[in-house]
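The values are calculated or read from the model by the stated rules, or taken from the named source; none is laboratory data. In this text, all values refer to a predicted model and were calculated from it rather than measured experimentally. Neighbour counts run over all protein chains shown; Cβ positions are idealised from the backbone, glycine included. The protein model used for the area step is the full one, side chains on, heavy atoms only, and it has no ligands, DNA or RNA in it. Shrake-Rupley method; radii C 1.70, N 1.55, O 1.52, S 1.80 Å.
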Amino acid sequence: MLRSLIRPFNLQRTTLLRQSIAPVAPLYRKFSQSFVNYKTNTSTYTKENVHDLETFLTLIGRNCIEHLDLFEGDLNKFIETPSKKMKEMGIDTRTRRYLLRWKHKFVNNLEPLREHKRGVKKNGGERKSKTVKAKRKALQRLEDKEKFSQEEMDAEHRGERLF
């Protein structure tokens, strides 16, 4: 290590260049001349453009428009309504949470209004999947067994089997 510090700088540079196989890259980077297509926000459904509750509930989807009468069609009443009051109005938990999330995003202008689709569980959800698959397989085996015994009985009645 001490020798590398004592050697002159030019000698170190030439030995490094000889050791490297790839050519030395230029000190500056050339930028490409191709044009990049940037996605522009074509959505006009933001806080500035939505002024009534019917439009708001229609845009966020999930059949939230059915709760329009509870807020008397007033957007300000909806924005001022807390979760506990929505619960007393009879809005179920899943829809209430969805409405509250969108209310927060709308008031703070975080995201353009659009529908977030509900997730679909496969095989009864992550925790139940083994049980659901096992039950499905057991039912399939039971159906196959019943079908086989029915076929055997039909064959015996036709005289194809002698037991």
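Among the residues of this structure, Phe78 counts as one that is in contact (Cβ under 8 Å) with a residue 24 or more places away in the chain and out of contact with any strand residue (DSSP E or B) (no Cβ under 6 Å at 6 or more places or on another chain). Screening segment 98-111 for residues that are outside any loop (DSSP other than H, G, I, E, B) and free of Cβ contacts under 8 Å to residues at least 12 places away in the same chain and picking the one that is nearest to the chain's Cα centre (by Cα) gives Arg101. Scanning segment 77-102 for residues that are more than 17 Å from Thr58 (Cβ to Cβ) and among the hydroxyl-bearing types (Ser, Thr, Tyr) yields a count of 3. Given the conditions (1) within 22 Å of Tyr45 (Cβ to Cβ); (2) open to solvent by less than 80 Å² (accessible area, probe 1.4 Å), which single one is not true for Asn123? So Asn123 meets the others, but not (1).
Being surrounded by 12 or more Cβ atoms within 10 Å (Cβ to Cβ), of a type in the set (Asp, Glu) and touching a residue at least 24 places away in the same chain (Cβ under 8 Å): is that true of Glu156 here? So Glu156 fails the test. Cβ separations smaller than 6 Å between residues 6+ apart or across chains give the following pairs from segment 42-55 residues that are farther than 9 Å from Pro112 by Cβ to residues that are loosely packed, with under 15 Cβ neighbours inside 10 Å and at pLDDT 85 or above: Lys47/Asn109; Leu53/Gly73. Has segment 63-73 got at least one residue that is assigned to a helix (DSSP H, G or I), modelled with pLDDT under 90, surrounded by fewer than 10 Cβ atoms within 10 Å (Cβ to Cβ) and out of contact with any Ser or Thr (no Cβ under 7 Å at 6 or more places or on another chain)? No: segment 63-73 contains no residue that is assigned to a helix (DSSP H, G or I), modelled with pLDDT under 90, surrounded by fewer than 10 Cβ atoms within 10 Å (Cβ to Cβ) and out of contact with any Ser or Thr (no Cβ under 7 Å at 6 or more places or on another chain). Screening Met86 with (1) open to solvent by less than 70 Å² (accessible area, probe 1.4 Å); (2) of a type outside the set (Gly, Ala, Ser); (3) modelled with pLDDT under 90 gives one miss only, at (3).
The single condition from (1) touching a residue at least 12 places away in the same chain (Cβ under 8 Å); (2) open to solvent by 100 Å² or more (accessible area, probe 1.4 Å); (3) assigned to a helix (DSSP H, G or I) that Arg114 fails is (3). Taking the numbered list (1) open to solvent by less than 70 Å² (accessible area, probe 1.4 Å); (2) over 22 Å from Thr93 (Cα atoms) in turn, Thr131 passes all entries but (1). Exactly one residue among Thr46, Thr95, Thr58, Thr15 is β-branched (Val, Ile, Thr), modelled with pLDDT under 90 and either surrounded by 13 or more Cβ atoms within 10 Å (Cβ to Cβ) or outside any helix (DSSP H, G or I) (or both), and that residue is Thr46.
Test Arg127 against the stated conditions and say whether it is of a type outside the set (A, V, I, L, M, F, W, C), part of a loop (DSSP other than H, G, I, E, B) and modelled with pLDDT of 90 or more. So Arg127 fits the description; yes.
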